[in-house]
Amino acid sequence: MSETETAPTATETATPPAYKQTMDITEIMAILPHRYPFLLIDRVIEIERKQRIVAIKNVTVNEPHFTGHFPDYPIMPGVLMVEAIAQTGGALLLTEIEDRDQKLMVFTGIESARFRRPVTPGDQLRIEVKVVNWRTRVVKMAGVITVDGKVVCDATVTCALTDRPKKAAAASAESAE
């Protein structure tokens with residue numbers, strides 16, 4: 001008995017590769033330009049292309065902002081929670097951009113930010129961001145952060161793609177040519 005192979009149909013050959021639905025820290029760092037102490041997401045656990053993303057941030061006492069905010073009662077600053085929402089949304093946005101190493105995602109707006117409970121060392125943030133409006137270079141996203149199922153922060157952020165400035169060494173090498 002001989003086995004024969006059949007040629008794939010047009011539908012089978014046109015099927016795009018599976019879209020990645022999670023990211024570990026090295027994959028996040030390959031997409032986002034942020035680094036310690038300002039990289040504020042540790043893992044992506046869910047992605048729905050151009051729709052929503054869920055990330056995790058483990059809050060630890062050795063983070064530098066806790067030294068002064070506040071020395072006797074460490075509370076994560078609200079502005080860092082809003083930044084975590086933006087970085088989570090940025091991870092979603094930048095997965096769709098082919099030339100992301102030449103682009104930066106920057107804040108262009110923050111609306112309706114609310115801080116409902118304090119976040120302290122030992123908490124694990126679950127950051128869920130949903131797309132409100134997606135345009136070619138600008139995305140508006142609604143984010144909600146929970147700890148143990150309770151909302152600690154929510155905000156709507158608008159981010160835009162901009163060209164990344166060329167590094168000084170690369171710029172001088174180009175001008176020398």
Next item on the list: Identify, by number, the condition in (1) under 17 Å from V59 (Cβ atoms); (2) within 13 Å of the chain's Cα centre (by Cα) that G149 doesn't meet.
Entry: (2)
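I'd like the full set of residues that are farther than 28 Å from R164 by Cβ, in contact (Cβ under 8 Å) with a residue 40 or more places away in the chain and either surrounded by 14 or more Cβ atoms within 10 Å (Cβ to Cβ) or among the charged types (D, E, K, R) (or both), limited to the stretch 96-143.
Listed by number, the residues that qualify are R114, V119, T120, P121, D123, R126.
The rows are residues; the columns are (1) basic (K, R); (2) in contact with a Phe, Trp or Tyr (Cβ under 9 Å, 6 or more places away or on another chain).
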position	(1), (2)
M81	no, yes
A84	no, no
G89	no, no
L92	no, no
E128	no, no
I145	no, no
T156	no, no
T162	no, no
K167	yes, no
Notebook entry, point to check: Which condition breaks for A84 when tested against (1) aliphatic (A, V, I, L, M); (2) modelled with pLDDT of 95 or more; (3) surrounded by fewer than 20 Cβ atoms within 10 Å (Cβ to Cβ)?
Noted result: (3)
Item checked: Selection count, the stretch 32-57, where residues are touching a residue at least 24 places away in the same chain (Cβ under 8 Å), of a type in the set (K, R) and assigned to a strand (DSSP E or B) -> 2
Item checked: Which numbered condition P64 fails, given (1) touching a Pro at 6+ places or on another chain (Cβ under 8 Å); (2) over 30 Å from K166 (Cβ atoms); (3) touching a residue at least 24 places away in the same chain (Cβ under 8 Å); (4) not aromatic (F, W, Y) -> (2)
Notebook entry, point to check: Assuming L93 fulfils every condition listed in (1) modelled with pLDDT under 95; (2) exposed (fewer than 14 other Cβ atoms within 10 Å of the Cβ) apart from one, which condition is it?
Noted result: (2)
Checklist line | Selected residue [within 17 Å of H34 (Cα to Cα), outside any helix (DSSP H, G or I) and not hydroxyl-bearing (S, T, Y)] from L80, L104, L94, L125 | finding: L104
Check: Out of curiosity, is V138 of a type in the set (A, V, I, L, M) and under 18 Å from V44 (Cα atoms)?
Finding: no
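The values are calculated or read from the model by the stated rules, or taken from the named source; none is laboratory data. Because the structure is predicted, anything quoted here is derived from the model rather than measured. Every residue, glycine as well, gets a Cβ built from its backbone with ideal geometry; the counts of neighbours run over all protein chains shown.
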